[in-house]
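J.: Provided herewith is a single structure, encoded as structure tokens, for subsequent inquiry.
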Amino acid sequence: MKPLFAGIKSRPLYTGVAIDHAASHHIWAVEGGGVSKLRAILTGDATHLLAASTILVTGDQAAATCEFYHQKQADSCHHMQTVQNLVTRLAVMLSTARMGLRLYVLGSEDFIGQVAATAQRQGIDFDDMRTEQCGSLARLVQCVHCKGMIDHVTTNIVPCPHCGIQLFVRDHYSRRLGAFQGVAVNAEDPSAIPTIEEIYK
Amino acid sequence: MALDFRQETFRDDFSFRNSPHAISRFPFPFWEDQYMYSINIEPHTAGKPGSVYEFPIDIDEHYLAEMHDRALVLREDPLRCQSLPHMITAEWDLLELLMESLARDYPDHFALSRDGDHWHWRNRPMKIEQKFTFGNVATLPYPPMEYITRQCQGDFCLIDQREGNLWLDAGMVTTQADWSLDFDLGMNFMEWHGPVPIAHEIGVMERALKYLMAIQVGRPVRRLNWTMTINPRLDTSPENYHKWGADRLTVTPANVGEKLHLRVEVQGLWRLPRSNAIVFSIRCYLISMNELVTVKKWGRRLPRVLKSLPEDIVTYKGLTRYRQTAIDWLARYDDGGVTSSGGDPD
């Protein structure tokens, strides 16, 4: 029988980070596995592009990445300690951005979601960004009960660190929140102990 | 005709009941002895006197109790009422639509006088009197959508139309069948219907979207939706699922007549004149199995419909745990006779 859920209707498509040559400035938000993709597309000899590029990078390879792009004379490259720091700085940059800016996002779905939600609050719609999912399939999850956010969820079920409810991670995604929905997994029968599996590695 | 408002609750002791009159006008949603997904949209024109379709906005004997329940929900969870900033014009449009409808159709209970932008609103059942300036948010105690929907039965969503799609950008949602306004706010039509089974695959969503985008001012439409709810609980939100989910295990052959309720939503859609947004109203009617089988045709038909449901629909509507108990209990009301087409009692 044909599966009824042929994909997650509310989940965005990540269609890749092809360079927009019409843009006058480029901001690159990069996390974890996104670094190697960045290095492949924003190469050291792309002089004009580098001069018009601001890079915000977080994760294991952030320091080395910044070092590389400083040497190659990118307009600026920011080594951010955490995703939260990156998103905070990006929000300020976007709030004063001018026409002609293009935002590229490379990293886990969790990361893209957080950047997208921030960008949307600054008036940049999802389809105006260029996104590429790289590395981990980890999810950002909103607990529907207490509204707390849980980042880097790799399992089908996760205890909410805010309110303690065991949440099932649904395939239902909010771009506004940049998050999947988590709903109590055994509310109907609290004695049912669900099997926890790591499925979003 | 003056309505007689019941004192009752939708939580704790669940004292909600339908009068014989309310049962006779219940919008029974099954037109035949089996069920399948369809768009089932029709013009929202005036129905028979006394029916839930007599007026565009139906106010009934549960009005005051429902408004009290809404206030309780909002006190615990203000996120049930949200509106994105660009929806303020649509909020005023909605306030006009509801005030005009109520004052015109229930003059014993509501009154509206307008002198340019100076409006005077009276809601006698709720003992509210308000003079305000239309278009000036500061002259009302709440933003316009929240103000009027605290005084009108039914959930309300305001839907923006742009980029060839519909966007769920505002709402007052306290009586919902397990969906979250806070999560779905800002989604487009395909996104917020993402979890609905079957419909996408058979093309229902594409056709529905096309149809809804063509709705014109002054030509509202409606459709019915349904599910089942344990206890007459209006607030079956995902936010509170951890509190009501376990109710589904409490249905037994002895209590199913009292505990199990058919929950029908009359969904209305209006184009708004200033904002070009669409109002999506979701008016919930509840009826217990005991009340439902007092209408012979419904007692015959409901067990047949429940038997015919595809598994995906059963799962999506959350009926799995008690469907068989309901079918077994209802079977004694099905004498095998022929039922007439349409949902109304014979």
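J.: With unit charges on the beta carbons (Lys and Arg positive, Asp and Glu negative) and the dipole taken about the Cα centre of the protein assembly as shown, which residue among A:P159, B:Q130, B:M205 sits farthest to the positive side?
T.: Positive-end residue among those listed: B:M205.
J.: So what's the back-of-envelope 222 nm ellipticity for the protein assembly as shown, counting only DSSP H runs of four-plus at -39500 (n - 2.57) apiece and dividing by all residues, rounded to 500?
T.: It comes out at -7500 deg cm²/dmol, rounded to the nearest 500.
J.: Determine the distance separating the Cα centre of the range B:211-261 from the Cα centre of the range A:14-90; give it in Å without decimals.
T.: Here the two parts' Cα centres lie 49 Å apart.
J.: Right, another one. For A:D151 and A:R98, FRET efficiency with R0 = 25 Å and r from the beta-carbon atoms, rounded to 0.05? Before the final figure, lay out each step's value.
T.: Details: r = 31 Å, r/R0 = 1.24.
My answer for the efficiency is 0.20.
J.: Further question: Please name whichever of A:S174, A:T43, B:C284 sits farthest to the positive end of the charge dipole of the protein assembly as shown, dipole taken about the Cα centre and charges placed at Cβ: Lys and Arg +1, Asp and Glu -1.
T.: The Cα lying farthest towards the positive end belongs to B:C284.
J.: Between B:H86, B:T139, B:P43, whose Cα lies farthest towards the positive end of the dipole of the range B:1-142 when Lys and Arg beta carbons carry +1 and Asp and Glu beta carbons carry -1, centred on the Cα centre?
T.: Farthest along the dipole direction, towards plus: B:T139.
J.: Order A:159-171, A:23-35 from most to least packed using the mean count of other Cβ atoms within 10 Å.
T.: A:23-35, A:159-171
J.: Something else: From Cα coordinates alone, what are the radius of gyration and Dmax values for the protein assembly as shown in angstrom?
T.: Looking at the protein assembly as shown, its Cα Rg and Dmax stand at 26.1, 86 Å.
J.: Next question. Hey, any idea what Rg/Rh is for chain B, computing Rh the Kirkwood way over Cα pairs?
T.: Using Cα coordinates only, the ratio equals 0.95.
J.: Shifting gears a bit: Given contacts defined as C-alpha pairs under 8 Å and at least six residues apart, what's the relative contact order of chain A, whole-number percent?
T.: 21 percent.
J.: Once label points are set 7 Å from the Cα along Cα→Cβ at both B:E54 and A:I193, what is their separation, rounded to one decimal in nm?
T.: Inter-label distance under the simple model: 5.8 nm.
J.: Relative to the longest principal axis of the C-alpha atoms of chain B, give the angle of the C-alpha long axis of helix B:296-308, reported between 0 and 90° and rounded to the nearest 10°.
T.: With rounding to tens, the tilt is 80 degrees.
J.: Right, another one. Magnitude of the Cβ-charge dipole of the protein assembly as shown, K/R +1 and D/E -1, about the Cα centre, nearest 20 debye?
T.: Once rounded to the nearest 20, the dipole reads 360 debye.
J.: Determine, from the Cβ-Cβ distance of A:Q122 and B:Y142 and an R0 of 35 Å, the FRET efficiency 1/(1 + (r/R0)^6), rounded to the nearest 0.05.
T.: FRET efficiency, A:Q122 to B:Y142: 0.80.
J.: Starting from the Cα of B:R124, step 7 Å along the direction of its Cβ; do the same at A:Q81; then give the gap between the two resulting points in nm.
T.: For B:R124 paired with A:Q81, the spin-label model returns 6.6 nm.
J.: Which value in nm describes the separation of the simple spin-label points at B:N40 and B:E163, placed 7 Å from the Cα toward the beta carbon?
T.: Label-label distance for B:N40 and B:E163, simple model: 3.2 nm.
J.: Would you tell me the mean number of C-beta atoms belonging to other protein chains that fall within 10 Å of each C-beta in B:242-249, as a whole number? It would help to have the intermediate numbers written out before the result.
T.: Working: counts 13, 3, 2, 8, 5, 2, 3, 4.
Counting Cβ atoms of other protein chains within 10 Å of each residue's Cβ and averaging gives 5.
J.: Something else now. Ranked highest first by average number of other Cβ atoms within 10 Å, how do A:123-133, B:248-258 line up?
T.: Put in order of decreasing packing, that is A:123-133, B:248-258.
J.: Follow-up question, since we're still on this one. With +1 assigned to the C-beta of every Lys and Arg and -1 to the C-beta of every Asp and Glu, and no other charges, what is the dipole magnitude of the range B:20-333 about the Cα centre in debye, to the nearest 20?
T.: Working: 36 positive and 40 negative charges, 208 e Å.
Taking the Cα centre of the range B:20-333 as origin, the dipole is about 1000 debye.
J.: So if I average 1/r over every pair of distinct C-alpha atoms in the range A:25-133 and take the inverse, what Kirkwood radius in Å does that give? If you can, show how the numbers build up before the last one.
T.: Details: mean 1/r = 0.0737 Å⁻¹.
When all Cα pairs of the range A:25-133 are included, the Kirkwood radius is 13.6 Å.
Bear in mind that the values in this text are calculations on the coordinates, not laboratory data. These numbers were taken from a predicted model, which means no experiment stands behind them. Quick reminder, even Gly has a Cβ in these numbers, built from the backbone with ideal geometry, and neighbours come from all protein chains shown.
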